[in-house]
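The values are calculated or read from the model by the stated rules, or taken from the named source; none is laboratory data. Predicted model, so just to flag it, every value in this text is computed and none were measured. Cβ atoms come from the backbone with ideal geometry, glycine included; neighbour counts cover every protein chain shown. With ligands, DNA and RNA removed, areas are computed over all heavy atoms of the protein, side chains included. Shrake-Rupley method; radii C 1.70, N 1.55, O 1.52, S 1.80 Å.
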Amino acid sequence: MARIPTFDIRRFTQPDSPQDRVAFVDELGAAYREWGFAGIRNHGIDPALINGAYEAFKAFFALPEALKMRYHVPGSGGARGYTPFMVETAKDSQYPDLKEFWHIGREIDDDSPHRAVMPANQWPQEVPAFREQGYALYQALDGLGSQVLAALALHLGLEEDWFADKTDSGNSILRPIHYPPITAAEVPNVRAGAHEDINLITLLVGASAAGLEVLSRKGEWVPFTADEDTIVVNIGDMLQRLTNHVLPSTTHRVVNPPGEASRQPRYSTPFFLHPNPDFVIASLPQCVDADNPDRYAGRPITAQGYLDERLREIKLK
């Protein structure tokens, strides 16, 4: 079975030669055109930060349900704070996902023009390390995501910094997820139903536990269990729409493990990198030609408008 490739991002950030940097951009772009997914290693994020954040997240999820529910904000679409077990439902899925999660957003000033759609963060008082560790990981993944977007910009024929002022106030989300042990003999639900992500790109830290599967162009489910030092980065629907499907947002899922392994909890932490809320998603001219006509001609939409539309589809709004 084909394997999803992994890349050393130092070839882009600290290349041995200009030629190797160009080759990295070409290879990364080709992988995303084929898979919509790739692994990124030598990313420079301290393992101690990742481990510390995970310990804080696990400590929160271990709290009694009544305490966790203090941080649930009804009617918010799960924008910040806690979303309880079996609420989010993959688009077109009959059953909710077997997970609970938390959302950390960008820290912005109250007088920001985006404050109306980017609420202040909730922070669990019961886990003092949660805020420091969680937001430090948010910032580290935001920086790595910017590097990946810079490489993709060059691949698409844009300036390297094209995405910089379009994501610097992005409504990006860090989502610590807890998949509790599955105790029933048979359940119709899976830990995360087949879906595509909403945003520009997703960076998944802690994907070393088995379960993630990616749907290939041939219609095969390909397991992608990354090495411990690798962050999985995939294309989301907003970037697929912006590139007129040149970069595909690939369907993926998290399946239930077999046998006794299902009795173990699973944790993962994706970072959903979004554009600024007022960014208008319209097909890039570089991605439109006679063989790939504009699928969205005359239908531009803001990032916030698109996000609201999709949150309703997955039962968060």
* Structure fact -> Restricting the stretch 45-70 to residues that are touching a Ser or Thr at 6+ places or on another chain (Cβ under 8 Å) and within 24 Å of residue 200 (Cβ to Cβ), the one surrounded by the most Cβ atoms within 10 Å (Cβ to Cβ) turns out to be 57
* For residue 199, all conditions in the list (1) outside any helix (DSSP H, G or I); (2) at pLDDT below 95; (3) not charged (D, E, K, R) hold save one; what is the number of the exception? -> (2)
* To do: Would you check if residue 110 is over 18 Å from the mean Cα position of the chain (by Cα) and assigned to a loop (DSSP other than H, G, I, E, B)?
  => yes
* For the stretch 106-119, state whether one or more residues are open to solvent by 30 Å² or more (accessible area, probe 1.4 Å), over 25 Å from residue 303 (Cα atoms) and either in contact with a Lys or Arg (Cβ under 7 Å, 6 or more places away or on another chain) or touching a residue at least 60 places away in the same chain (Cβ under 8 Å) (or both). => no
* To do: For residue 232, state whether it is at pLDDT 90 or above and of a type in the set (A, V, I, L, M, F, W, C).
  => yes
* Asked: Which one of the conditions (1) surrounded by fewer than 22 Cβ atoms within 10 Å (Cβ to Cβ); (2) at pLDDT below 90 does residue 266 fail to meet, given that it meets all the rest?
  -> (1)
* Asked: Can we say residue 225 is of a type in the set (S, T, N, Q), in contact with a Phe, Trp or Tyr (Cβ under 7 Å, 6 or more places away or on another chain) and part of a loop (DSSP other than H, G, I, E, B)?
  -> no
* Restricting attention to the stretch 7-32, and to residues there that are open to solvent by 60 Å² or more (accessible area, probe 1.4 Å) and not in a helix (DSSP H, G or I), which single residue is nearest to residue 215 (Cα to Cα)? -> 14
